[in-house]
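Working notes for the structure below.
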Amino acid sequence: MSVVFFHIEFNFSFLPYEKSAASAPEQNLRVDKTMKKELRVKKNKEFQEVFQKGKSYANRQFIVYVLKKADQPYFRIGLSVSKKIGNAVTRNQIKRYIRQAFLELKEQIQNGNDYVIIARKPAADMDFHEVKKSITHVLKIARVFKSTEGGNNEKQ
């Protein structure tokens, strides 16, 4: 008995493609809802620089390293989630939650810094709102929120 495998590819390049006016705003909205690659710390050398020259702040769920970069007009984030925290699905979910939290807080966070966030074990059991609350807490400890004109913006 012989087995034959077929590989079939479909090419629909002959179909006309038109951009509708309704899809254009959706695409712009999508761009604004994602963390662009240039806003991330990606290379090992960059991570090491933040670890060695930056300051660290922590709570039970996250450690945040902050390195000031005066010549940088935006902030960048790097994420580290250890295999000890869970399987790939869990680790990726935590990273998505952290990126989304930073995206929602980006107007309040000071530019000109690199941030490296290390997730600790308790982060694996948190939903998005808990992650955002915890990230906000540790960023307040780090004092990286832009100050408001009304004076002190946090209650203690």
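The values are calculated or read from the model by the stated rules, or taken from the named source; none is laboratory data. On a predicted model such as this, the values are computed, not experimentally measured, just so you know. For neighbour counting, all protein chains shown are included, and Cβ atoms are generated from backbone atoms with ideal geometry for every residue, glycine included. Each accessible area value is taken on the protein alone, full model and side chains, heavy atoms only, with ligands, DNA and RNA left out. Shrake-Rupley method; radii C 1.70, N 1.55, O 1.52, S 1.80 Å.
Structure notes:
- Checked against (1) under 22 Å from His137 (Cα atoms); (2) among the basic types (Lys, Arg); (3) open to solvent by less than 60 Å² (accessible area, probe 1.4 Å), Arg120 passes all but condition (3).
- Enumeration of residues in the stretch 37-56 that are open to solvent by 50 Å² or more (accessible area, probe 1.4 Å), outside any helix (DSSP H, G or I), modelled with pLDDT of 90 or more and not polar (S, T, N, Q): Lys55
- Boolean, Ile109 is closer than 22 Å to Val50 by Cα and in contact with a Leu (Cβ under 6 Å, 6 or more places away or on another chain): no
- Tally, over the stretch 90-100, of residues that are closer than 14 Å to Leu39 by Cα and touching a Lys or Arg at 6+ places or on another chain (Cβ under 8 Å): 1
- The stretch 72-90, residues that are touching a residue at least 12 places away in the same chain (Cβ under 8 Å) and either assigned to a helix (DSSP H, G or I) or open to solvent by 70 Å² or more (accessible area, probe 1.4 Å) (or both): Pro73, Tyr74, Lys84, Ile85, Thr90
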